[in-house]
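The values are calculated or read from the model by the stated rules, or taken from the named source; none is laboratory data. Since the model is a prediction, treat every value here as computed from it, not as a measurement. Cβ placement follows ideal geometry from the backbone for every residue including glycine, while neighbour counts extend to all protein chains displayed.
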Amino acid sequence: MLKISDLKASVDGKQILNGINLEVKPGEVHAIMGPNGSGKSTLASVLAGREEYEIEGGSVVYQNQDLLELSPEDRAAAGIFLAFQYPVEIPGVTTINFLKTAVNQIRKKNGQEPMDAASFLRMMREKSKLVKIDPELLKRSLNEGFSGGEKKRNEIFQMAMLEPTLGILDETDSGLDIDALRIVSDGVNELRKDKTRSFIVVTHYQRLLDYIVPDFVHVLYKGRIVKSGTKELAKELEEKGYDWIKEEVDGQVPA
Amino acid sequence: MENQVLIDKFSAEFAAIQQSLNGKSESPFNNVRKAAMAQFERLGFPTPRHEEWKYSNLKKSLASDYNYHVESKLNENDVKSVPLPNLHGNVLYFVNGIYKAEYSEIVTPTDKLKIMTFKEAQAEIPEILEAHFSKHVDSENEAFSALNTALANDGVVVYIADNQTLEEPIIMRMLGDVTTENVGAIVRNLIIVGQNAEVKVAEAYRTMGEKASFTNAVTEIHVGKDARVDYYKVQNENDFSTHVGTTQVYQEDRSYFYAATFTINGGFVRNNLNIILDGEHIETFMYGLYIPNENQHVDNHSVVDHRKPNSVSNELYKGILMDKSTGVFNGKIFVREDAQKTNAYQNCRNVIVSKDATMNTKPQLEIWADDVKCSHGTTTGQLNDEAIFYMQSRGIPKDEAIRLQLLAFAEDVVSKIKIDTIHEYLEGLIIEKLGE
């Protein structure tokens, strides 16, 4: 359902992705790991359509469409969801209104009628339980004054509401304590029960993968996937760090 | 010299009015007008060399020819063609600055609310008129206020007696009929709110037609002891309109005054909001929103003058500037020596949507008392790209994301509107304009 071939991308003239190849099939969970600055978040951003990244080459085919041709909103309508590493605060727009607009815009693009208010509220109630988010919080301005944990839970809550086919989690574990991590992971695992839904989980640490167990683990370094394996690879990285991978790739011991 | 030609034109008009007075030229009301005319002739029209007009150049507006006292051919249906739905209130209609009693709908009984022309007021409440007319308007320094005072004739005196609470708002609908020619209008109204009285007043300006207009408006509001006044000014005129308006407010002890100024559309707009807090335990709130696009210019000047101790003023203006529009905010706060324990706050926040738009802000605080709390702040920034991308990534199209953010930015001013029907009406106008 997602096929990334030789994807190259730059920002401000600096090449960050140097030829990524990755295929994700329905229902699979792929973890993308790697040291800081390896291009993990760039990959997530490029897939979601962030404008400041320039595509230098390669292709991304998503459900038989050229993904790189689509605007961010069209990608959302096509079923791609990015959970942000740093969710944005938007004063004056409540989470409820924001999501109502988002849900109905996506439905409109997909030729569906807007959701009626009662069904929408029912759906909100149901999905908010998934990540144990306080419904009162949803009446407030989007993410404004939310704690780090609340913001991340709100991301997963939004994902649950928009029911994507591909969820991309960009360092969702950063800044979470162990309880929040568990709640967020439980939410994601609930969404995994739909066996057609796939995930790309970008993370620096193995910790998250104890809760969201991946089918595949890829290590990104210098803008390339330099190693792929199963969840055992993540454990190995946890024990040994990233240096041995760097050594393998660079062919030398760092000073 | 162009300036002098214009001044002479108004002098001639003033002389003609004086001739027609037939022996009433020595009335106190007329003496005030005569003095104001002399001030105007001395001042002339301001240029950008004038400190208060540095960023607002009237040259283009003054270069056009305007016809004053144009008798509009619009009928009642035309005048009422933009109704406010579900509005239950006193609706006063003005065309080209001239009060149209025959179209107006007054629902509040006359023992609570009196609406009089200046002529009627001179006959019915001469002492009250004399006590309040042009008492605080600065004709010495403001040419437009001087001219307005000199030519004041066609507006109304709104009088709310002591201890009266008006349930129904007073909506003054100002229509500029520019269907066939350029029109100049002198709009002058005086609102006297008695002690412990309560009222909501709105002034709504719009134009009909595509010719140019020059409106010189002055509204004086006297807020008696313990009185409560909500005042709205809504401007939605065509791109060829010039509006120079002053709202002059005088507050007594324990009174409450709230002003909200919404400039939706207009070619060249200058609003002066001058408030004198001449009493203790006064509360004053000022909100403003302006959303110019294309080549429009909106200038808001405010003066808050704390003269006595223990009062509070709070000001928040917000602007959204599009295309090649320009904006000015100049907020003065005076805290006089006697005005200890004053709390005065001022904030002006702007979003520049286009790289060609400009905003000039100038806060000015002059504080002579030592035990006060004052703060001011201005910000001018751009839309948050990250927030736009965030919304897009949730399926919201870019233009809709921008619109939602701008509406959210405007919301904390819009939400302050306490008359539901005006709230809805304005929200509609704002959405429409931001959607362009």
What do you reckon, is B:E51 surrounded by 15 or more Cβ atoms within 10 Å (Cβ to Cβ), in the same structural domain as B:A217 (by TED's automatic domain parsing) and of a type in the set (D, E)? no
With the condition kept exactly as written, say whether any residue in the stretch A:106-129 is within 13 Å of chain B (Cβ to nearest Cβ) and assigned to a strand (DSSP E or B). no
What is the one condition in (1) in a strand (DSSP E or B); (2) out of contact with any strand residue (DSSP E or B) (no Cβ under 7 Å at 6 or more places or on another chain); (3) charged (D, E, K, R) that B:K200 does not satisfy? (2)
Scan of the stretch B:255-281 for residues that are outside any strand (DSSP E or B) and farther than 19 Å from B:V201 by Cα, ordered by number: B:G266, B:G267, B:D278, B:G279, B:E280, B:H281
Count - residues of the stretch A:21-76 that are at pLDDT below 95 and among the aliphatic types (A, V, I, L, M): 0
Counting only residues that are assigned to a loop (DSSP other than H, G, I, E, B) and more than 14 Å from chain B (Cβ to nearest Cβ), which one in the stretch A:45-64 is farthest from A:L142 (Cα to Cα)? A:N64
Among A:L67, A:L22, which is within 14 Å of chain B (Cβ to nearest Cβ) and hydrophobic (A, V, I, L, M, F, W, C)? A:L67
Considering only residues of the stretch A:81-105 that are in a helix (DSSP H, G or I) and facing chain B (nearest Cβ under 10 Å), which is nearest to A:F157 (Cα to Cα)? A:L99
Go through the stretch A:96-107 and count every residue that is buried (at least 18 other Cβ atoms within 10 Å of the Cβ) and in contact with a Leu (Cβ under 9 Å, 6 or more places away or on another chain). 6
Go through the residues of the stretch A:160-175 one by one and say whether even a single one is polar (S, T, N, Q), without any contact (Cβ under 8 Å) to a residue 12 or more places away in the chain, farther than 12 Å from A:A31 by Cα and not in a strand (DSSP E or B). no
I'd like the full set of residues that are in contact with a Phe, Trp or Tyr (Cβ under 9 Å, 6 or more places away or on another chain) and of a type in the set (D, E), limited to the stretch B:353-385. B:E366
All conditions in (1) farther than 25 Å from B:D385 by Cα; (2) facing chain B (nearest Cβ under 10 Å) are true of A:A78 except (1)
Go through (1) surrounded by 14 or more Cβ atoms within 10 Å (Cβ to Cβ); (2) closer than 23 Å to A:L2 by Cβ and name the single condition A:N110 misses. (1)
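For every residue, the table says whether it meets (1) of a type in the set (V, I, T); (2) modelled with pLDDT of 95 or more; (3) over 14 Å from the mean Cα position of the chain (by Cα).
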| position | (1), (2), (3) |
| --- | --- |
| B:T261 | yes, yes, no |
| B:N272 | no, yes, no |
| B:I275 | yes, yes, no |
| B:E280 | no, yes, yes |
| B:E294 | no, yes, yes |
| B:V298 | yes, yes, no |
| B:S311 | no, yes, yes |
Looking at B:F118, is it over 18 Å from the mean Cα position of the chain (by Cα) and of a type in the set (A, V, I, L, M, F, W, C)? yes
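One line per residue, one yes/no per condition, for (1) surrounded by fewer than 17 Cβ atoms within 10 Å (Cβ to Cβ); (2) modelled with pLDDT under 95; (3) outside the structural domain of B:S145 (by TED's automatic domain parsing); (4) closer than 30 Å to B:T179 by Cβ:
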position	(1), (2), (3), (4)
B:P28	yes, yes, no, no
B:Q39	no, no, no, no
B:S72	no, yes, no, yes
B:N77	yes, yes, no, yes
B:K80	yes, yes, no, yes
B:P85	yes, yes, no, yes
Is at least one residue of the stretch A:187-210 surrounded by fewer than 23 Cβ atoms within 10 Å (Cβ to Cβ), of a type in the set (K, R), within 14 Å of another protein chain (Cβ to nearest Cβ) and free of Cβ contacts under 8 Å to residues at least 60 places away in the same chain? no
In the stretch A:147-164, the residues that are touching a Pro at 6+ places or on another chain (Cβ under 8 Å) and not charged (D, E, K, R): A:N154
For the stretch A:22-53, give me the residue count where each residue is more than 14 Å from the chain's Cα centre (by Cα) and among the aliphatic types (A, V, I, L, M). 1
